[in-house]
1. How about segment 154-179: which of its residues are of a type in the set (Ser, Thr, Tyr) and either in a helix (DSSP H, G or I) or surrounded by 10 or more Cβ atoms within 10 Å (Cβ to Cβ) (or both)?
2. For segment 85-93, check the following and say yes or no: at least one residue is outside any helix (DSSP H, G or I), within 25 Å of Met117 (Cβ to Cβ), at pLDDT 80 or above and within 24 Å of the chain's Cα centre (by Cα).
3. Of the residues in segment 58-110, how many are farther than 23 Å from Ser48 by Cβ and hydroxyl-bearing (Ser, Thr, Tyr)?
Amino acid sequence: DTTGDEWDELLKDSQTEPDKAKPESAAEKSDEAPVSRVEFDALKNAMSKKDTDEGIAAAVDHIQEGNDALKGMPKRAVKSYLYGLADEKPAILSAFGDRHQNPKAWEKAQVLIGKEMAKDFADMPDADLTAGVQAAANAVRGVSNTSPAKDAELSNAQYSAMSDAEFEEQKRKELAART
């Protein structure tokens, strides 16, 4: 069994700096510290993330440029759709991962993604077109697209200065205007 003191001593030992051993090779004797495995992995991951981000950005641009239906769409929407579709279809992830070795497969995947996006977004109503159709329908029915002019509202002081008869008349006018 280990005692609490042994754990405390182990903790203390792990928190002190290790003794520096004398360099054994010429590379270790130089002023430049060798890159540790952790630093190398971190650098490799950062480079991989940058490559992935650039690949996704290029794919979004390529998908939009290759499809007229997607040209006005925000890049964020195309990117989000791309992520969702990649989650549903493993072939997209596979083609993306192999895009440097097999660019033709990635090109084909982007074309298919663009077609699927255009098909899905074709069913969405166009806000400008919808507003135009509504305005035309209102014009045919004789509906105005402007609100009626509002009478100047009276202040509390003006109401207080009115006689009872004037106040009743004002009330009738305001009620008639509401209906």
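1. Taking segment 154-179 and keeping what is of a type in the set (Ser, Thr, Tyr), we get 155, 159-160, 163, 179.
Scanning segment 154-179 gives Tyr159, Ser160.
2. Step one: of segment 85-93, the residues outside any helix (DSSP H, G or I) are 89.
Next cut, within 25 Å of Met117 (Cβ to Cβ) only: 89.
If we keep only those that are at pLDDT 80 or above too, we end up with 89.
Going one step further and asking which of them are within 24 Å of the chain's Cα centre (by Cα), we end up with 89.
Among the residues of segment 85-93, at least one is outside any helix (DSSP H, G or I), within 25 Å of Met117 (Cβ to Cβ), at pLDDT 80 or above and within 24 Å of the chain's Cα centre (by Cα), which makes the answer yes.
3. Of the residues in segment 58-110, 1 are farther than 23 Å from Ser48 by Cβ and hydroxyl-bearing (Ser, Thr, Tyr).
The values are calculated or read from the model by the stated rules, or taken from the named source; none is laboratory data. The shown structure was predicted, so the numbers you read here are calculated from the model rather than taken from an experiment. Positions of Cβ are backbone-derived with ideal geometry, glycine not excepted, and every protein chain shown enters the neighbour counts.
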